[in-house]
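Presented below is the structure to which this report refers.
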Amino acid sequence: MSDEALPPAAGPEIGGPAPGVPAVEVVHAAGPQVGADEWVARHLQRREYLPSWLGVAERAAERVGWWPRLALVALAGALLPSLGLGGFQLQVGIDSLVIALLAVGLNIVV
């Protein structure tokens, strides 16, 4: 059936106000909306730091990039055996790292 054969629809137009229903005024909140870009953009303004020297250290740590942190961890891992750890302590450390990696992998899979 073609559109030309249908009779015109009676009643209000699509998208128009319904007869007998009062119009509702939408009032938006003055502050940022949850999930809106403005709320996300204000993230750094809402960041709270510790009030002592730990807050200063936290701010300084945020400025360090990912690669320098990885280099520090790799350096610590390379120097750790030279501190005189015995074979047992080194084996316990390696086993702990393997268990931690397995736990993270299991959380990602499940």
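Do you know which residues across the stretch 59-97 are small (Gly, Ala, Ser) and under 26 Å from Glu48 (Cβ atoms)? It would help to see each step written out before you state the result.
Start the filter on the stretch 59-97 by keeping residues that are small (Gly, Ala, Ser), which leaves 60-61, 65, 71, 74, 76-78, 82, 84, 86-87, 93, 96.
Correct list: Ala60, Ala61, Gly65.
Looking at the stretch 42-65, can you tell me whether even one residue there is part of a loop (DSSP other than H, G, I, E, B), at pLDDT below 75 and exposed (fewer than 11 other Cβ atoms within 10 Å of the Cβ)?
Initially, the stretch 42-65 is screened for residues part of a loop (DSSP other than H, G, I, E, B), giving 42, 47-52, 64-65.
Cutting the leftovers down to at pLDDT below 75 gives us 42, 47.
So of that shortlist, the ones also exposed (fewer than 11 other Cβ atoms within 10 Å of the Cβ) come out as 47.
Yes; the residues of the stretch 42-65 include at least one that is part of a loop (DSSP other than H, G, I, E, B), at pLDDT below 75 and exposed (fewer than 11 other Cβ atoms within 10 Å of the Cβ).
The values are calculated or read from the model by the stated rules, or taken from the named source; none is laboratory data. Here the structure is a predicted model, which is why all the values come from computation and not from measurement. Positions of Cβ are backbone-derived with ideal geometry, glycine not excepted, and every protein chain shown enters the neighbour counts.
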